[in-house]
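Engineer: What follows is a structure written as structure tokens; I'll ask about it next.
The values are calculated or read from the model by the stated rules, or taken from the named source; none is laboratory data. Predicted, not measured: the structure shown is a model, and the values here were computed from it. Virtual Cβ from ideal backbone geometry, glycine too; neighbours counted across all protein chains shown. In case anyone asks, the SASA skips ligands and DNA or RNA and just uses the protein heavy atoms, side chains included. Shrake-Rupley method; radii C 1.70, N 1.55, O 1.52, S 1.80 Å.
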There are 2 protein chains.
Amino acid sequence: MSTIIIDVMPKRELLDPAGKAVHRALQQDGHSDIAAVRIGKRFELTIDGDVTEVHLEKARALADDLLSNGVIEDVVAIRVEDTP
Amino acid sequence: MSTIIIDVMPKRELLDPAGKAVHRALQQDGHSDIAAVRIGKRFELTIDGDVTEVHLEKARALADDLLSNGVIEDVVAIRVEDTP
């Protein structure tokens, strides 16, 4: 079995309230060297057998159409890893 | 600037309702070759300047203590990328 990992993040130009909240907490804890925090989603699609180019094409389409909201999010990475 | 990326996933042995819901939707759409879907979080910590081993140690501690709930989640990856 293999796993396709799809990373989705809020668009950089948009406000990320959750990220801002975590960043403020870190600042208050004295972590001033952390300039910003952004929070997104990580999807793991487990595929029976090996991942083929057909699977990757499908994953790209699903990432754009179903797993992210193109108005407020970007698909920032799609990669393959062996399922542990 | 550099970015430390921290991936947090639900523990494998726990139910992942969101992942199950997406998987069911994919099955209904005919994507029967996708055996499972799991959904987690991706944190991006932006660091002023280059990431040092001190930053990585701090990121590991923050990942365990603040950014994940050790009872229900695992920190599955911590890596460094250049900030786009």
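Engineer: Nothing charged except the Cβ atoms of Lys and Arg (+1) and of Asp and Glu (-1): what's the magnitude of the dipole of segment B:34-74 about its Cα centre? Round to the nearest 20 debye.
Structural biologist: 280 debye
Engineer: If the only charges are +1 at each Lys and Arg Cβ and -1 at each Asp and Glu Cβ, what is the size of the charge dipole of the protein assembly as shown around the Cα centre, to the nearest 20 debye?
Structural biologist: In total the dipole reaches around 540 debye.
Engineer: Using a 1.4 Å probe on protein heavy atoms only, how many Å² of accessible area do B and A hide from each other, summed over both chains and rounded to 100? The partial results should precede the final answer.
Structural biologist: Details: alone 5860 and 5840 Å², together 8850 Å².
Summing both chains' loss of accessible area gives about 2900 Å².
Engineer: Taking each residue of A:27-35 in turn, how many C-beta atoms of other protein chains fall within 10 Å of its C-beta, and what is the average?
Structural biologist: Values: counts 0, 0, 3, 0, 6, 1, 9, 9, 9.
So the per-residue partner count for this stretch is 4.
Engineer: I would also like to ask the following. Roughly how crowded by other chains is peptide A:43-55, in terms of the mean Cβ count from those chains within 10 Å of each of its Cβ atoms?
Structural biologist: The shielding value for this peptide is 4.
Engineer: Find the Rg to Rh ratio for segment A:2-82, where Rh is the Kirkwood radius over alpha-carbon pairs and Rg uses the same atoms.
Structural biologist: 1.11
Engineer: So how do A:50-59, A:1-10 stack up, highest first, on mean other-Cβ count within 10 Å?
Structural biologist: Top to bottom by mean Cβ count within 10 Å: A:1-10, A:50-59.
Engineer: As a check on your reading of the symmetry: which chain B residue has its Cβ nearest the axis that brings B onto A, and how far is it in Å?
Structural biologist: Taking the axis that maps B onto A, the answer comes out as B:42, 2.
Engineer: Can you give the mean number of other chain Cβ atoms that lie within 10 Å of the Cβ atoms in peptide A:1-7? Provide the component values of the computation, followed by the final result.
Structural biologist: Numbers: counts 2, 1, 3, 1, 7, 3, 4.
Per-residue shielding by partner chains comes out at 3.
Engineer: Relative contact order for chain A using alpha-carbon pairs under 8 Å, separation at least 6, rounded to a whole percent?
Structural biologist: So the answer I get is 55 percent.
Engineer: Take the cross-link list A:11/A:58; A:20/B:41; A:20/B:11; A:11/B:11; A:41/B:11 and give me the ones stretching past 21 Å between alpha-carbons.
Structural biologist: A:11/A:58; A:20/B:11; A:11/B:11
Engineer: Right, next: First compute the accessible area of chain A with a 1.4 Å probe, then give the percent of it belonging to carbon and sulfur atoms.
Structural biologist: On the way: 2370 of 4420 Å².
That fraction is 54 percent.
Engineer: Can you give me the angle between helix A:53-65 and the longest principal axis of chain A, using Cα atoms only, in degrees from 0 to 90, rounded to the nearest 10?
Structural biologist: 40 degrees
Engineer: When the helix-only estimate is applied to chain B (DSSP H runs of n ≥ 4, each -39,500 (n - 2.57), divided by the residue count), what is the mean residue ellipticity at 222 nm, nearest 500 deg cm²/dmol?
Structural biologist: Calculated at 222 nm, the ellipticity per residue is -9500 deg cm²/dmol.
Engineer: Compute the angle between helix B:17-28 and the longest alpha-carbon principal axis of chain B, please, reported from 0 to 90 degrees and rounded to the nearest 10.
Structural biologist: 50 degrees
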